[in-house]
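The values are calculated or read from the model by the stated rules, or taken from the named source; none is laboratory data. As the structure is a computational prediction, the values presented were derived from the model and not from experiment. Glycine gets a Cβ as well: all are built from the backbone with ideal geometry, and neighbour counts include every protein chain shown. Ligands, DNA and RNA are stripped out before the accessible areas are found, and what is left, the full protein with its side chains, is counted by its heavy atoms. Shrake-Rupley method; radii C 1.70, N 1.55, O 1.52, S 1.80 Å.
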Amino acid sequence: MLELDRLELSIGPNRWEFDLSLDTHGVHALLGRSGSGKSTLLNLIAGFIQPDKGDIRWNAESLLPLEPAHRPVTSLFQQQNLFNHLSVRQNVGLGIDPGLKLNDRQIHAIQSVLDDVGLSGQETKLPGTLSGGEQQRVALARSLLRQRPILLLDEPFSALDAQTRQEMITLLRQLIDRHRPCVIMVTHDEDDAIAMQAEVLRLVDGRVVREA
């Protein structure tokens, strides 16, 4: 279970108070107006921002002492953060070794996850030669390769056209059913939440409200 226990944060005039428990396996869509703090909440969980008060726990253990790289969290953003001078295989491999010193087992794992996201045969291509949807699949493969139990999605479909968006939603839903992480997906589109079969959470006046 992911617990945000009386978590408080103030940045300038903005103040948030998060008190929330999420199931170990499940998809949760976080909706709210622009600037309401949706990405701020993800950054707190990932460890990029430290709260003023409260605690973040995963399966009863606090995440606050852990640096971002050591938290059981991986993130997928609207911008894929791919390196254009590295191949698809190398970009995915960064998920397990920033130095790309990969052993045979790791190379096999990379190939397996590329097969899962439908990129078999694209391993040596550079990101600039791929479509937007294919680039997002590379980023998704890198996230899955890390095998972290918490998956944070920050507007992952907003830059995609309608057809590619639907393909990515279908793929992501299949992979979530297989790997069963705890997913928090920031989106401005309620249709995405419905398509992902997600529990809807709304960020209103600095607090998360569960939709009945």
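What strands (runs of 3 or more DSSP E), lying completely within the stretch 1-113, carry at least 3 residues that are more than 18 Å from residue 206 (Cα to Cα) and open to solvent by 40 Å² or more (accessible area, probe 1.4 Å)?
Hits in the stretch 1-113: none.
So residue 169 ticks every box in (1) among the hydrophobic types (A, V, I, L, M, F, W, C); (2) under 24 Å from residue 48 (Cβ atoms); (3) within 15 Å of the chain's Cα centre (by Cα) but one. Which box is left unticked?
(2)
Every residue in the stretch 121-167 that is in a helix (DSSP H, G or I) and under 29 Å from residue 35 (Cβ atoms), please. Spell out how you get there, then give the answer.
So in the stretch 121-167, the residues in a helix (DSSP H, G or I) come out as 127-129, 132-145, 162-167.
Residues satisfying the conditions are 132, 133, 135, 136, 139, 140, 142, 143, 162, 164, 165, 166.
Against the condition within 23 Å of residue 41 (Cβ to Cβ) and either out of contact with any Phe, Trp or Tyr (no Cβ under 8 Å at 6 or more places or on another chain) or among the acidic types (Asp, Glu) (or both), how does residue 191 come out, does it pass? Give the steps one after another, and end with the answer.
Numbers: within 23 Å of residue 41 (Cβ to Cβ): yes; either out of contact with any Phe, Trp or Tyr (no Cβ under 8 Å at 6 or more places or on another chain) or among the acidic types (Asp, Glu) (or both): yes.
Here the answer is yes, as residue 191 does meet what is asked.
Identify, please: which residue in the stretch 119-130 is open to solvent by 50 Å² or more (accessible area, probe 1.4 Å) and of a type outside the set (S, T, N, Q) and is, among those, farthest from residue 81 (Cα to Cα)? Before the answer, list the steps.
Here is the first cut: in the stretch 119-130, the residues open to solvent by 50 Å² or more (accessible area, probe 1.4 Å) are 120-121, 124-126, 128-129.
Then drop every residue that is not of a type outside the set (S, T, N, Q), which leaves 121, 125-126, 128.
Numbers: 121: 21, 125: 16, 126: 13, 128: 12 Å.
Once the filter is applied, the top-ranked residue is 121.
Here are some conditions: (1) under 14 Å from the mean Cα position of the chain (by Cα); (2) without any contact (Cβ under 8 Å) to a residue 60 or more places away in the chain; (3) assigned to a helix (DSSP H, G or I). Residue 176 meets all but one. Which one does it not meet?
(2)
Taking the stretch 147-182 as the search range and keeping residues that are charged (D, E, K, R) and at positive phi, which one is most open to solvent (accessible area, probe 1.4 Å)? Can you show your working first?
In the first step, residues of the stretch 147-182 are kept if they are charged (D, E, K, R); the result is 148, 154-155, 161, 165, 167, 173, 177-178, 180.
With the extra rule that they be at positive phi, the set shrinks to 155, 180.
Details: 155: 33, 180: 125 Å².
In this case the residue turns out to be 180.
When both residues are 6+ apart or on different chains and their Cβ atoms are under 7 Å apart, which pairs have a first residue that lies in the stretch 194-211 and is on the phi > 0 side of the Ramachandran plot and in a strand (DSSP E or B), and a second that is surrounded by 12 or more Cβ atoms within 10 Å (Cβ to Cβ) and not small (Gly, Ala, Ser)?
Nothing qualifies.
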